[in-house]
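**Q** Sharing a structure, written as structure tokens. Questions coming.
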Amino acid sequence: ASNGRIAPFLHICLQSGCDATLRRMARAYDTAYFRSAVVRAHEFLPQASLGTDLIVGFPGETDEEFEQSLSFCREMGFSRMHVFRYSKRPGTPAATEEGQVDPHVMATRSRRMRELAQRMRHEQALAHVGEEELVVVQYPGRGVTGGLFDALVDPKIALDSLVRVRVSSVMDDGTLVCTCS
């Protein structure tokens, strides 16, 4: 939509994929609104990668609410997720709410959400195999695409170069293996 002037990556803060949790967080949006924003963004930029921030273990989050959040994230197909465990901040309303989630439960939920994030990242990376990408070379043999995927490139390419590459394969961690096109 920008004729190549804007990187095809959108970071849209979600916080939770459960409407009940979003209400307790006093967010001004719900999952339907978030979903419609993602659909609209993909209408303009179908190849856009999506990133988000997510909190697990917010006070009152039940197992069912966590599962709803996990399911919603899976539906959105994020390529990058920053997963945080809720942490009490003195003076905030949530710090004194009933239903504080046990730290061990938060750790398990965080691990599960991060595992989902890694699977989705790998799936999104696989969709780029055979495609041409622009890569900014940041280190010898390594760079980043506009969709914020790490990329392995020819180590002879000069640092700070913007090069067009073809994605030939994907490593287990979602790193794109590229050849110059």
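The values are calculated or read from the model by the stated rules, or taken from the named source; none is laboratory data. A quick note: this is a predicted structure, and the numbers were derived from the prediction, not measured. So basically every Cβ, Gly included, is an ideal-geometry build from the backbone, and we count neighbours across all protein chains shown. Accessible surface is based on the protein model in full, side chains and every heavy atom, while ligands, DNA and RNA are left aside. Shrake-Rupley method; radii C 1.70, N 1.55, O 1.52, S 1.80 Å.
**Q** Which condition does residue 176 not pass, out of (1) at pLDDT 95 or above; (2) aliphatic (A, V, I, L, M); (3) more than 20 Å from residue 10 (Cβ to Cβ), if it passes all the others?
**A** Every listed condition holds for residue 176 apart from (3).
**Q** Mind listing whichever residues of region 40-56 are farther than 20 Å from residue 126 by Cβ and touching a His at 6+ places or on another chain (Cβ under 6 Å)?
**A** 53
**Q** Anything in region 146-181 that is in contact with a helix residue (DSSP H, G or I) (Cβ under 9 Å, 6 or more places away or on another chain), assigned to a loop (DSSP other than H, G, I, E, B) and under 24 Å from residue 45 (Cα atoms)? List them, or say none.
**A** Listed by number, the residues that qualify are 147, 149, 174, 175.
**Q** Show the residue pairs that are 6+ apart or on different chains and have beta-carbon atoms under 7 Å apart, the first residue being within region 55-71 and under 12 Å from residue 19 (Cα atoms), the second being in a helix (DSSP H, G or I).
**A** Here the result reads 61/21; 65/20; 65/21; 66/109; 69/21, each pair linking region 55-71 to a residue that is in a helix (DSSP H, G or I).
**Q** Please tell me if residue 84 is aromatic (Phe, Trp, Tyr) and open to solvent by less than 30 Å² (accessible area, probe 1.4 Å). Don't jump to the end; show me each part of the working.
**A** Details: aromatic (Phe, Trp, Tyr): yes; open to solvent by less than 30 Å² (accessible area, probe 1.4 Å): no.
When the stated conditions are applied, residue 84 does not pass them.
**Q** I would also like to ask the following. I'd like to know if region 89-98 contains one or more residues that are hydroxyl-bearing (Ser, Thr, Tyr) and either surrounded by fewer than 18 Cβ atoms within 10 Å (Cβ to Cβ) or at pLDDT below 95 (or both).
**A** Of all residues in region 89-98, those hydroxyl-bearing (Ser, Thr, Tyr) come to 92, 96.
Retained after the next criterion (residues that are either surrounded by fewer than 18 Cβ atoms within 10 Å (Cβ to Cβ) or at pLDDT below 95 (or both)): 92, 96.
Checking region 89-98: at least one residue is hydroxyl-bearing (Ser, Thr, Tyr) and either surrounded by fewer than 18 Cβ atoms within 10 Å (Cβ to Cβ) or at pLDDT below 95 (or both).
**Q** Could you run through region 107-131 and say how many residues are open to solvent by less than 20 Å² (accessible area, probe 1.4 Å) and under 25 Å from residue 23 (Cβ atoms)? Before you say what the answer is, go through the steps one by one.
**A** Initial filter on region 107-131 (open to solvent by less than 20 Å² (accessible area, probe 1.4 Å)): 109-110, 113, 116-117, 120, 125.
This time we only want the ones that are under 25 Å from residue 23 (Cβ atoms), so: 109-110, 113, 116-117.
Qualifying residue count, region 107-131: 5.
**Q** Go through region 78-120 residue by residue and tally those that are within 23 Å of the chain's Cα centre (by Cα) and either in a helix (DSSP H, G or I) or of a type in the set (Phe, Trp, Tyr) (or both). Before you say what the answer is, go through the steps one by one.
**A** Going through region 78-120, the residues within 23 Å of the chain's Cα centre (by Cα) turn out to be 78-87, 105-120.
Pick out the ones that are also either in a helix (DSSP H, G or I) or of a type in the set (Phe, Trp, Tyr) (or both) and you get 78, 84, 86, 105-120.
Of the residues in region 78-120, 19 are within 23 Å of the chain's Cα centre (by Cα) and either in a helix (DSSP H, G or I) or of a type in the set (Phe, Trp, Tyr) (or both).
**Q** For residue 74, are the conditions met, namely being assigned to a helix (DSSP H, G or I), under 30 Å from residue 98 (Cβ atoms) and open to solvent by 30 Å² or more (accessible area, probe 1.4 Å)?
**A** Working: assigned to a helix (DSSP H, G or I): yes; under 30 Å from residue 98 (Cβ atoms): yes; open to solvent by 30 Å² or more (accessible area, probe 1.4 Å): yes.
Considered against the rule, which asks whether it is assigned to a helix (DSSP H, G or I), under 30 Å from residue 98 (Cβ atoms) and open to solvent by 30 Å² or more (accessible area, probe 1.4 Å), residue 74 comes out as yes.
**Q** So, residue 27, is that one open to solvent by 30 Å² or more (accessible area, probe 1.4 Å), without any contact (Cβ under 8 Å) to a residue 24 or more places away in the chain and either in contact with a strand residue (DSSP E or B) (Cβ under 7 Å, 6 or more places away or on another chain) or part of a strand (DSSP E or B) (or both) or not? Can you show your working first?
**A** Numbers: open to solvent by 30 Å² or more (accessible area, probe 1.4 Å): yes; without any contact (Cβ under 8 Å) to a residue 24 or more places away in the chain: yes; either in contact with a strand residue (DSSP E or B) (Cβ under 7 Å, 6 or more places away or on another chain) or part of a strand (DSSP E or B) (or both): yes.
So residue 27 fits the description; yes.
**Q** Another question, then. Within region 42-69, take every residue that is under 27 Å from residue 7 (Cα atoms) and open to solvent by less than 20 Å² (accessible area, probe 1.4 Å) and give me the one that is farthest from the chain's Cα centre (by Cα). First the steps, then the outcome.
**A** Restricting attention to region 42-69, the residues satisfying the condition of being under 27 Å from residue 7 (Cα atoms) are 42-55.
Then drop every residue that is not open to solvent by less than 20 Å² (accessible area, probe 1.4 Å), which leaves 48-52, 54.
Numbers: 48: 12, 49: 8, 50: 6, 51: 3, 52: 5, 54: 9 Å.
Looking at the filtered set, the residue picked out is 48.
**Q** State all residues of region 132-145 that are open to solvent by 20 Å² or more (accessible area, probe 1.4 Å) and either modelled with pLDDT under 95 or assigned to a strand (DSSP E or B) (or both); if no residue qualifies, say none. Outline the logic, then answer.
**A** Our first condition is that a residue be open to solvent by 20 Å² or more (accessible area, probe 1.4 Å); within region 132-145, this holds for 132-134, 136, 138-140, 142, 144.
The answer is 132, 133, 134, 136, 138, 139, 142, 144.
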